[in-house]
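One structure is given here, and the rest of the page talks about it.
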Amino acid sequence: MPTCQDCRYYTAIDELKGECFSLGFEVHGKTDSKKCPERAFRPNKGPKSKKSGAHNY
């Protein structure tokens with residue numbers, strides 16, 4: 001099951017928490033993606049992901 005830390009909008013602060021782009025506050029990295037507060041979860045893998053390196057095409 002994907003978690004917040006698997007989202008392209010998640011930026012890690014430390015091992016346990018990070019920041020979500022749209023929320024402006026800290027979230028736990030292990031939170032289930034189905035509990036995404038803004039329902040903005042997008043996997044960080046795939047051709048349109050910022051973290052995949054494909055965005056420069």
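The values are calculated or read from the model by the stated rules, or taken from the named source; none is laboratory data. Just so we're clear, the structure is a prediction, and the values are computed from it rather than from any experiment. Here the Cβ is made from the backbone with ideal geometry for all residues, glycine too, and neighbour counts use every protein chain on show.
Under 6 Å by Cβ, and 6 or more places apart or on different chains, what pairs join a residue from region 27-40 that is within 14 Å of residue 13 (Cβ to Cβ) and modelled with pLDDT of 90 or more with one that is loosely packed, with under 13 Cβ neighbours inside 10 Å and among the aromatic types (Phe, Trp, Tyr)?
none
Are any of the residues in region 8-21 assigned to a helix (DSSP H, G or I), modelled with pLDDT of 80 or more, under 12 Å from the mean Cα position of the chain (by Cα) and surrounded by 15 or more Cβ atoms within 10 Å (Cβ to Cβ)?
no
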